[in-house]
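Working notes for the structure below.
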Amino acid sequence: MTTKSSALGTPGATRHFTLHHDGVTIPVSRGGRGRPLVLCPGLNTTQADLRELTDLLRLDHDVVTFDLRGHGLAPDADRYSFDVFLSDLVSVFAGLDLPSAPLLMGYSLGADLAVHFAAEHPDAVSGLVGVDGANPLPEPFITEADLATFRAMADDLAQRHAVARAEDIARQVRLTAQDIHGLNLEIDVIRSAILDRYRRIDHPIRMIMSTTIAGPGTEGRAPRHNRLWRAGAERLVRERPHISATWLDGDHRLPFTHAREIADLVRGGPDD
């Protein structure tokens, strides 16, 4: 069950409220004017991290943002998995009172959550925008040879999160290195079957993808991962011609490096 408490301001101003479900408090912000849009953050990303993109989208959208459990202003939880993050997104929709079905936009893991939500609740959304996520990869992204590298990346990320917690509570992430690594492995499996979810969605979908998700390097894992990322999105567009893909020259940090370009693409609409 989802319950709601709020602190509301004038119409169009940013309003903040909390939703309570599954023993977790989800902080939500809503502001702007225009077409409703729900923005779902990704793994290790908070709504505060996406503020530049959010502010641009709010120029002509009524934008809802929130923090997944263990991220930002949302408290820690006793478990983390794709399904519990999906339940956070479901609770946000259950707690909203929007004038019409919103455009659902997700970044990274948030894009995967958006696709799964739309496949299960098609009447709840009017369209999808996925930013560098929800990619139906033709083969695993993380192989046995990559495990040590991804474990080291998770360790480094968890250490940086620990430092960041003392600097800005709105950008804190409380997941451990083990949590992060396990979720990366789970997301890899989920993406191997995500085409089946896309087949259940008839709404317009725009994918905004990075050309070099693993960075521009020509050695190590980067070339293979970049090729896989391109192949997965191209596979999706071939199978589902109503889905469009736009490639931006950058890595996985697109919302931080290309916020204006992303906002312009969203403003143009999924089919433009």
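The values are calculated or read from the model by the stated rules, or taken from the named source; none is laboratory data. Note that the coordinates shown come from a computational prediction; the quantities given were computed from them, not determined experimentally. Don't worry about glycine lacking a Cβ; one is built from the backbone with ideal geometry, like all the others, and counts go over all protein chains shown.
Looking for something closer than 17 Å to Arg174 by Cα, assigned to a helix (DSSP H, G or I) and of a type in the set (Phe, Trp, Tyr) - is there at least one such residue anywhere in region 80-98? Checked against the condition, which is being closer than 17 Å to Arg174 by Cα, assigned to a helix (DSSP H, G or I) and of a type in the set (Phe, Trp, Tyr), region 80-98 yields at least one hit.
Answer with yes or no whether Ala154 is in contact with a strand residue (DSSP E or B) (Cβ under 8 Å, 6 or more places away or on another chain), free of Cβ contacts under 8 Å to residues at least 60 places away in the same chain and within 27 Å of Arg79 (Cβ to Cβ). Here the answer is no, as Ala154 does not meet what is asked.
Based on what the data block shows, is Glu139 among the acidic types (Asp, Glu), touching a residue at least 12 places away in the same chain (Cβ under 8 Å) and outside any helix (DSSP H, G or I)? Yes.
So that you can scan it fast, the table gives a plain yes or no per residue for (1) aliphatic (A, V, I, L, M); (2) within 21 Å of Arg230 (Cβ to Cβ); (3) at pLDDT 95 or above:
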site	(1), (2), (3)
Leu103	yes, no, yes
Gly106	no, yes, yes
Phe117	no, no, yes
Glu120	no, no, yes
Leu128	yes, yes, yes
Val131	yes, yes, yes
Pro138	no, yes, no
Phe141	no, yes, no
Ala145	yes, yes, no
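Annotation for region 197-206: at least one member residue is in contact with a Lys or Arg (Cβ under 8 Å, 6 or more places away or on another chain), surrounded by 15 or more Cβ atoms within 10 Å (Cβ to Cβ) and not in a helix (DSSP H, G or I). One residue stands out in region 167-196 among those that are among the acidic types (Asp, Glu) and part of a loop (DSSP other than H, G, I, E, B): the one that is farthest from Ala259 (Cα to Cα), namely Glu167. Entry remark, region 164-183: residues being surrounded by fewer than 18 Cβ atoms within 10 Å (Cβ to Cβ) and polar (S, T, N, Q) number 2 in total. Looking across region 1-25 at every residue that is assigned to a strand (DSSP E or B) and touching a Ser or Thr at 6+ places or on another chain (Cβ under 6 Å), the one that is modelled with the lowest pLDDT is identified as Ser5. Residues in region 130-152 that are crowded, with 24+ Cβ neighbours inside 10 Å and in contact with a Leu (Cβ under 8 Å, 6 or more places away or on another chain) were compared, and the one that is nearest to Arg240 (Cα to Cα) is Asn135.
All conditions in (1) part of a helix (DSSP H, G or I); (2) within 20 Å of the chain's Cα centre (by Cα) hold for Met209, with the sole exception of (1).
For the condition in contact (Cβ under 8 Å) with a residue 24 or more places away in the chain, more than 14 Å from the chain's Cα centre (by Cα) and more than 27 Å from Ala166 (Cβ to Cβ), Val28 does not qualify.
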